Amino acid sequence: METTYDMSGSVSASMNYLTLQTPSKKSRRNKEDSHPVITSKICLVGRVCDVKGVQEAAESFGVPVFHSEDGLEFVNPQHDTVFVLYEFSDEVFEVLYKKECRILGYSALLDIVSKKYFMPELDRPLFSISMENVVSCFTGFRNREEVNTLVSCIHHMGGSIRKEFDCNKITHLIANKVGGEKYQYAVTFNIPVMNASWVHLAWEKRHDLSVRAIDSTMQTNNALKIFEGTNVCWIGINDEEVTQMNEILTTNGGSVTTLDDPNCTHVVIDPLGVGNIPEKLPSKAMLVEVKWFWVSIQMDICASEKLYPYKETHLTSPRNGVLSPTTPGSRNRKRKRLRDTVSQLAAQGGSPGLLQVPSSGHDTHRRRSSISESGLLSLSGSFLDATSPEKVGGQGDLTISVPTPQDLKAMSPRHQVFMELLHTEMNYVEILETIVEVFKKPLEDPSQVGGSLLDPTEVKIIFGNLPPIHEIHFELLVQLKNTALNWREDISVGALILKHSHDLVKAYPPFVNFFEQTKEVLSMSDRSKPRFHAFLKLGQSNPKCRRQSLQELLIRPVQRLPSISLLLNDLLKQTPKSNPDYGELEKALSTIKEVMTHINEDKRRTEGQVVLFDIFNDIENCPAHIVSSHRSFVSQCDVIELGDGIVGRGGQLTLFLFSDVIEICKRRSRGNTLRRDVSTISLQPPRGGADKGSKPTYKHVELISVSHVKRVIDITETEDCQNVFALICRSHYETKERLYSFEITSEDVDKVAFLKTLCRLMANITCRADAENYLACMEARQLDIDTGDLASGTLRRAARLASKTRMAVNRAFSFSKTPNRLKRAMSTVMSPLRSSNTSILGDTSLVSPMMNGGAVGMAASCANLAMMDSDTGLKTTPSSSTLKNFKSNSLGFNAHKRL
């Protein structure tokens with residue numbers, strides 16, 4: 001009988017007794033008594049008296065509460081006593097149950113009181129109400145003892161059982177394997193199908209008042225798996241896929257077996273990969289297509305085998321049934337050879353060297369385009385994408401009749417190339433339509449069986465940039481078909497392309513620029529979401545896809561514009577210069593190339609911007625203005641500071657070189673973690689700081705403009721001095737130079753190439769062509785750079801244990817006294833304006849910063865280097881008087897200041 005509770009009543013402490021308000025059925029103890037059962041007393045039996053809250057809960061009913069070790073003294077024929085027990089597995093329970101006493105578990109008592117329910121009729125023992133309102137049905141069980149145990153547990157937890165399946169009453173189906181009418185009814189009406197473990201787990205947690213069997217977590221973790229109880233073998237599937245499918249099968253409750261196993265339940269066959277079917281197959285096994293497997297994974301239920309039966313008609317002549325186990329193998333081999341021969345003959349009509357196999361049997365009768373069959377369209381040398389889906393008919397009201405080989409021979413070479421352009425455009429548009437119809441629309445459908453396969457954001461990333469391309473090429477195809485129906489030798493094909501060039505520029509860059517991100521999201525979702533993986537497999541098996549995956553189809557828009565360029569070039573070769581379309585074709589071809597160039601440049605800019613965001617996100621306190629549309633990333637270099645200009649000697653830094661600035665960062669200490677290269681930084685949206693749970697790799701120290709770098713010094717390589725360089729910097733508002741010296745620690749960075757790149761950026765900013773003049777070569781001792789501890793690694797160890805006091809960022813140089821060796825070297829290397837025949841490594845002669853005359857003054861402040869006469873490049877050796885006047889004359893590239 002079904003246990004029912006009156007949810008509308010309330011408990012009052014002053015009531016002498018409580019009854020079931022509207023009992024729908026008679027109790028088994030009161031079959032002849034029409035009066036409701038009366039509770040006159042409650043007896044707490046055994047150790048239940050020690051449970052906290054039980055005494056107060058029993059007293060809340062307003063009836064006498066007694067204590068007893070076994071409760072036998074309170075047993076009476078009226079059954080008006082409710083016995084509360086701690087457990088239903090001891091001898092006391094067995095005795096009371098045989099005497100048909102009303103038995104209640106302490107868990108149910110506490111729940112009833114907390115929910116303010118009336119005392120139930122208790123026609124059977126009730127330990128808890130964990131399965132309250134659960135109406136279940138069984139299927140697939142053969143062990144009667146196991147079923148009896150499950151039934152008792154369900155009844156003791158307040159649930160009920162139905163023998164027949166009624167979708168209007170049954171709330172849960174309990175099964176030990178998939179399949180059968182009850183299972184199909186349940187999945188059809190979205191009724192949960194549970195494993196027996198669901199009942200056992202709920203019974204194990206019967207003492208926990210917070211646990212309910214209908215909790216989503218309990219149901220999800222104990223739902224019947226998709227292939228529970230199945231033994232599957234494969235035929236016609238390649239080894240790589242078999243390995244993957246075996247893993248999916250076992251994860252979802254199935255088992256892998258062989259054809260000689262009498263317990264085999266399913267033989268899964270791929271119609272396109274099957275060869276000879278073995279003569280002996282398991283008599284009880286169902287033969288299904290491989291589509292059955294992937295549909296089941298996608299819908300998260302075992303699909304009906306009746307919808308996906310394997311029939312012999314896929315490969316051989318119809319027999320109105322499944323493949324007979326007695327089919328002779330020799331006959332299959334003959335048919336396979338015949339089928340392969342027909343396929344090869346059909347493929348010869350496509351691109352030379354490409355072998356095409358029809359996607360399914362019902363497509364083999366379909367006639368392929370005579371354009372490709374004749375092979376005449378390949379005379380121009382352009383390629384025909386014969387692997388793409390083909391359609392003879394056209395979209396809309398335009399229908400292109402298939403020309404015969406005789407018709408093609410009568411066509412001019414120009415007309416033949418145009419027909420090839422039309423044919424490939426038809427293929428391309430059909431590919432776009434296939435992507436939209438087979439993949440995009442189903443993924444956007446909110447009513448998918450089993451729930452959404454992808455998040456809306458993921459769907460937008462994969463398909464969001466495709467619709468504009470589809471619209472443009474659909475319109476172009478309509479116009480090309482109209483041109484084919486009204487063909488003339490002087491008709492302008494180039495004008496059609498020019499008409500859509502502006503739209504092509506707007507539609508293609510968003511798709512091409514983010515194609516790598518699209519592939520990444522697609523691959524990640526394919527690996528991490530089995531249902532989406534099954535969806536892709538089903539889409540690939542669709543005849544429209546011709547066994548091509550979604551990723552293979554999505555690459556076609558990237559390839560289409562180069563293909564059009566080749567076809568237009570062929571069309572131009574077949575067009576006489578006297579033809580009015582010749583000039584239009586030249587413009588169209590040039591426009592398509594400009595579109596591709598624009599796409600490539602836009603792609604590079606987009607990738608550069610993405611790198612900028614990645615770097616910005618990976619640097620703590622990074623200046624926000626570093627992300628700019630005119631700025632691009634150039635290079636990255638890890639260094640150790642050898643001076644005290646930035647963070648102090650031994651500081652571990654990273655230089656990010658951009659087109660106009662140098663970002664200097666301090667690397668965070670993360671144990672022995674490897675350096676992260678910019679190319680390996682994951683694409684993440686701007687976060688303005690660190691992600692939750694992780695910190696940025698770097699911390700901002702200083703941002704230096706490339707225009708403030710006055711000279712780049714390449715320190716001569718010695719045994720104790722390797723990969724060392726220095727920068728001399730001064731900004732517009734500073735009057736003193738700063739010297740920064742570093743040792744490169746990045747193994748993949750070449751010092752000479754890095755320094756030359758920096759000099760080239762400096763020359764670009766100052767509009768100069770002699771970038772090499774910004775680079776000087778000096779010895780370490782000339783700039784007082786101490787490299788004595790580089791070889792022994794003392795400096796690197798000191799960098800990790802840095803404890804010395806940091807000095808000021810700006811290093812001041814006083815010229816009021818006689819300059820020392822360092823100051824003389826600084827003044828020597830500051831100016832790159834030296835005569836072409838003077839070596840800076842010789843006697844340090846250079847263009848004097850204190851030239852006499854107006855021409856010399858103009859040289860110091862000239863913004864245009866062409867204005868300076870080369871004859872005024874006087875050579876002089878710096879003297880003390882010269883250096884004393886250095887500050888007053890403010891040499892230091894005033895030209896930069898005025899620029």
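Points to keep in mind about this one:
- Segment 135-221: relative contact order in percent, alpha carbon pairs under 8 Å with at least 6 residues between: 29 percent
- Packing rank of 75-85, 530-540, where each peptide gets the mean count of other beta carbons within 10 Å, highest leading: 530-540, 75-85
- Amide H partners (placed H, <5 Å) of S492, local residues excluded: none
- Segment 135-221: radius of gyration over Cα atoms, expressed as a fraction of 2.2 N^0.38 Å: 1.03
- Cross-link pairs beyond the 18 Å C-alpha cut-off, checked among K177/K284; K506/K573; K182/K284; K440/K519: K506/K573; K182/K284
- Under the criterion of Cα pairs below 8 Å and six or more residues apart, the relative contact order for segment 727-777 equals 22 percent.
- Entry note, segment 231-314: relative contact order of 28 percent, from Cα contacts under 8 Å with a spacing of 6+ residues.
- Proximal charge balance of L758 [Cβ under 13 Å; K/R count +1, D/E count -1]: +1
- Taking the C-alpha atoms of segment 231-314, convex hull volume expressed per residue in Å³: 96 Å³
- A Cα-only calculation for segment 447-572 places Rg and Dmax at 18.0, 58 Å.
- Rg ratio (alpha-carbon, reference 2.2 N^0.38 Å) - segment 387-597: 1.13
- Looking at segment 92-165, the pairs of alpha carbons with a distance over 21 Å make up 32% of the total.
- Residues in segment 244-260 that a label on R142 would reach, taking backbone N under 20 Å of a point 7 Å out along Cα→Cβ: 253-260
- Per-residue 3J(HN,Hα) values for segment 245-252, derived from phi via the Karplus relation 6.51 cos²θ - 1.76 cosθ + 1.60 with θ = phi - 60°, read 5, 4, 5, 5, 4, 5, 5, 9 Hz in sequence order (x marks Gly and Pro).
- Checking every one of the GluC sites (Glu not before Pro) in segment 743-786 against DSSP loop status and a limit of 11 other Cβ atoms within 10 Å picks out E747.
Since every read-out is calculated from the coordinates, none of them should be taken as a lab result. None of these values were measured; they are calculated from a predicted model. Counting neighbours? That spans all protein chains shown, and the Cβs are built from the backbone with ideal geometry, glycine included.
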